[in-house]
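See below for the structure under consideration.
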Amino acid sequence: MGLHKNSVAIIPMHSEEGSSIEAALVHRAGEGADSTRVADVVVSVWQDIGTALKPILGEQGVAALYERSLHRAGAAATGLVAPEKIQRPMDLVALRAVLAQQSSAQAVAMGSALLQTFHDLLATLVGPLLTERLLRSVWTEFPGSLPGQDTSP
């Protein structure tokens with residue numbers, strides 16, 4: 001599969017935080033999960049993010065951050081998420097379809113990159129502590145600690 005002229009690439013992440021999200025996605029999907037299962041998990045996380053942030057940012061605000069994250073994650077390299085396939089803000093059905101068409105490893109890397117980009121963008125806008133507080137309910141689904149997350153009781 002080649003990159004289309006108008007496609008947006010989502011790259012795998014190699015940072016410690018990105019590795020945490022990648023590991024969490026793999027754990028949540030199950031070791032050896034196929035790309036369809038990984039896509040389902042990524043979509044579930046996005047739905048949880050929407051649920052957590054819509055009361056504060058509104059549906060349009062969450063959608064705008066998602067779109068910006070998609071753009072920023074894709075600006076850097078070599079996966080395949082084509083904007084022509086993702087027509088409307090927070091089109092999770094289209095995102096699921098794109099991820100399910102990848103290999104399992106690519107789906108995990110792409111989903112992780114998009115989630116990390118969203119997390120970083122939100123942290124830039126409202127600060128890391130408020131970001132963690134706002135997304136606490138999302139990250140509690142994940143084992144271990146994610147970027148900046150305080151796991152103490």
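Tally the residues that are touching a Phe, Trp or Tyr at 6+ places or on another chain (Cβ under 8 Å), crowded, with 18+ Cβ neighbours inside 10 Å and modelled with pLDDT under 90, restricting the search to segment 26-65.
Within segment 26-65, the subset touching a Phe, Trp or Tyr at 6+ places or on another chain (Cβ under 8 Å) is 27-28, 46, 49, 65.
Next, only the ones that are crowded, with 18+ Cβ neighbours inside 10 Å stay: 28, 46, 49, 65.
Next, only the ones that are modelled with pLDDT under 90 stay: 28.
Going through segment 26-65 one residue at a time, the tally reaches 1.
Any idea which residue in segment 117-144 is modelled with the highest pLDDT, counting only those that are touching a Gly at 6+ places or on another chain (Cβ under 8 Å) and surrounded by 17 or more Cβ atoms within 10 Å (Cβ to Cβ)? So, considering only residues that are touching a Gly at 6+ places or on another chain (Cβ under 8 Å) and surrounded by 17 or more Cβ atoms within 10 Å (Cβ to Cβ), the one modelled with the highest pLDDT is 123. Applying the criterion of being modelled with pLDDT under 80 and in a helix (DSSP H, G or I) to the residues of segment 70-116, the residue that is surrounded by the most Cβ atoms within 10 Å (Cβ to Cβ) is 74.
The values are calculated or read from the model by the stated rules, or taken from the named source; none is laboratory data. What you see is a predicted model; the values in this text were computed from it and never measured. Glycine also receives a Cβ, built like all others from the backbone with ideal geometry; neighbour counts cover every protein chain displayed.
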